[in-house]
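Here the structure comes first, spelled out in structure tokens, and everything after it is commentary.
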Amino acid sequence: MQVQQVAVFLENKSGRLAEISHCLAEGGVNIRALSLADTADFGILRLVADNTDKARTILKENGFTVGVTEVVAVAAEDRPGGLDKILQVVSKASLNVEYMYAFTQKSGESGLLLFRFDNQEQAIAAFTGAGIRILSGEEVHSM
Amino acid sequence: MIWNEQAETMPREELVKVQLSRLQSQVERVYATVPYYRQKMDDAGVAPGDIKSLQDIRRLPFTTKEDLRKNYPFGLFTVPLERVVRIHASSGTTGQPTVVGYTRRDIKMWAEMMARSLAAAGVTRKDVVHNAYGYGLFTGGLGAHYGAEEMGCAVIPISGGNSKRQITIMKDFGSTVLLATPSYTLNLADTMADMGVDPSELKLRVGIFGAEPWSEQMRQEIEKRLQIKAIDIYGLSEVLGPGVAVECIEEQKGLHIMEDHFLPEIVDRDTFEPLPVGEKGELVFTTLTKEAFPVIRYRTKDICQLIPDVCTCGRTFYRMPKVTGRTDDMLIIRGVNVFPSQIEEILMKVEGVEPHYQIVVEREGNLDSIEVQVEVSEDVFSDEVKILEKLAATIRTNIKDLLGISSRIKLVEPKTIQRSEGKAQRVIDKRKI
């Protein structure tokens, strides 16, 4: 039920992000989604790739600190209120969101929300209970 | 003014005679009373009777901080505790604190060394001495205090901290002489500016500063901002405390070593062979008159040289330039001794952090700042910002708790800290001292 995400530690130095994209491009890895969290001193790049293992290996070989975590991918209707419907579930179930990011699929039919909760299992149960579609890893990686 | 004209202006031939006879009796005394010293001398194949000239000192074994630690707390005292009237100790941040003791006569001698130092700085009994060195186990406060009393000054034992009150007291009590660390002095200057106090409203005319390395540039700044003369003083608790050497106000160029009580040597920093006068190496001291806690060839780890010319002030004692370097990797940050190994231990205790780190020291304005760069390994990496921030905060807190200094923790990518072939370059000291 969960999607594998690659997270990379980044110092706030110019050019670092481009080095990551360059390594992945050379290795033929396609990026499905990404987000960058930044603080004054460092950043964390989170990305979902078509091939998690390959992305991880390439980045590690290039000296980056890499971690793989699982996120929950939820489909949101691509219209006003689409996001709200999902966040109401999150709120009612008192789920604690560590972070989230979103992107819209090519088809334009639905948006995709990627969540990291402190309790992922509980979150999956809450979404399922509310009839919200959760995408499998395979679906997201091969989009 | 010269406090003890007879001693401080003694011709060198005479001084050498005084030094030799004091050295001989000191060596005899430690051999007879301290089993540890006796063993070391026996192992080195030297007996007190072998010391026939000052050059024979090189036959004696060195004493290091390690020896002091091994004999914690009183193992190197030459007298029973009933004859000891004062005990001081280092803060012990690097492990076992080093403990030193003084007999009544030692305290009297120390007071004289400080009175000589004050006199060299142009202080007289009419002065009001504002003593902002810390009182307590640290030798600075009480050491300076007794010297100023010996001279007959009115002493304000204010100790460190509470800067606003310090300035109010300076104004109200008419302090004329300030004793403090140079970095705290600049702090006081800042506080004055904040309070809108113009230094010309004060009666301060001279300051005697020590306990940490400071530069000529810092001297100029202190002199300009406080409108005083700034005099450098040197000392270390293992040898005495403040008053081992001091600058004269006439020249402000090199510190006169109280050679009739402390015999200086400069040794090669690698081979430890004695070097000719004038060459640069590690400064080594033998105390010639101390009773409770004498040291024989104590390695200070300070890099220094001896200046043999007779000074225009009339003192015949050798001078030493300002100490700005160390043979070990000890850093003095805002008056606190810091060894990279201590930071390393803290990092190792923070679970999972492999201690690949670097310490960057800078002087921002007047204050030293320390940044610890820590490489983020996969074991500690998290995709959540708050977890990494907490890691940095924990390291920072542990450094503050153990060393008492504030630092900045910078998490960096693996392999970004330069690897060296031999000994790791742990410290980048960008301060211009």
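Averaged over its residues, segment B:18-170 has an accessible area of 43 Å² per residue, based on protein heavy atoms and a 1.4 Å probe. The amide H of residue A:117, built 1.01 Å from its N in the peptide plane, has A:72, A:98 as neighbours under 5 Å, considering only residues 5 or more places off or on other chains. Among rounded, prolate and oblate, which fits chain B when a ≥ b ≥ c are the square roots of the eigenvalues of its C-alpha gyration tensor, a/c under 1.5 means rounded, and a/b larger than b/c means prolate? Since a/c reaches 1.5 but b/c is at least a/b, the shape of chain B is classed as oblate. Each Cα pair under 8 Å and six or more residues apart adds its separation to the average, and for segment B:177-261 the resulting relative contact order is 24 percent. Cross-link partners of residue A:92 among lysines, defined as those whose alpha carbon lies under 28 angstrom from its own and excluding same-chain residues fewer than eight positions apart: B:386.
Near residue A:60, which aspartates and glutamates are there with a Cα under 20 Å away, not counting those fewer than 8 places off in the same chain? Qualifying aspartates and glutamates at Cα under 20 Å: A:11, A:19, A:26, A:50, A:70, B:354, B:375, B:378, B:379, B:383, B:384, B:413. When chain B is treated as a GNM with alpha-carbon contacts under 10 Å, the residue of B:99, B:295, B:16 showing the greatest mean-square fluctuation is B:16.
In summary, the lysines within cross-link reach of residue A:85, defined as a Cα separation below 24 angstrom excluding same-chain residues under 8 places away, comprise A:106.
Applying a threshold of 27 Å to the alpha-carbon distances of B:224/B:410; B:203/B:301; B:171/B:224 flags B:224/B:410; B:203/B:301 as lying beyond it.
Take every DSSP beta bridge with both residues inside chain B and express the antiparallel ones as a percent of the total, to the nearest 5. For chain B, the DSSP antiparallel bridge percentage is about 65. Give me the percent of accessible area attributable to carbon and sulfur for segment B:360-408, probe 1.4 angstrom. Carbon and sulfur together cover 49 percent of it. Between the listed residues B:44, B:195, B:333, the Cα displaced farthest toward the positive end of the dipole of chain B, a dipole computed from Cβ unit charges relative to the Cα centre, is found at B:195. For chain A, the relative contact order works out to 29 percent when only alpha carbon pairs closer than 8 Å and six or more residues apart are counted. Considering only chain A, what is the antiparallel percent among its DSSP beta bridges, to the nearest 5? So the antiparallel bridges amount to about 100 percent of the total.
Over segment B:1-129, Cα pairs under 8 Å with separation of 6+ residues give a relative contact order of 24 percent. Calculated mean residue ellipticity at 222 nm for chain B: -10000 deg cm²/dmol, from DSSP H runs with n ≥ 4 weighted as -39500 (n - 2.57), summed, divided by the residue count and rounded to 500.
Summed over both chains, the accessible area lost when B and A associate is about 1700 Å², using a 1.4 Å probe. Pairs of Lys residues in segment B:18-148 that lie 8 or more places apart, or on two chains, and have C-alpha atoms under 26 angstrom apart add up to 5. Suppose we keep just the DSSP beta bridges with both residues in the protein assembly as shown; what percent of those would be antiparallel, to 5? Here the share of antiparallel DSSP bridges comes out near 75 percent.
The values are calculated or read from the model by the stated rules, or taken from the named source; none is laboratory data. Because the structure is a prediction, the values reported are computed rather than measured. We place every Cβ from the backbone using ideal geometry, glycine too, and count neighbours over all the protein chains shown. These area figures cover heavy atoms from the full protein model, side chains too; ligands, DNA and RNA do not enter into them. Shrake-Rupley method; radii C 1.70, N 1.55, O 1.52, S 1.80 Å.
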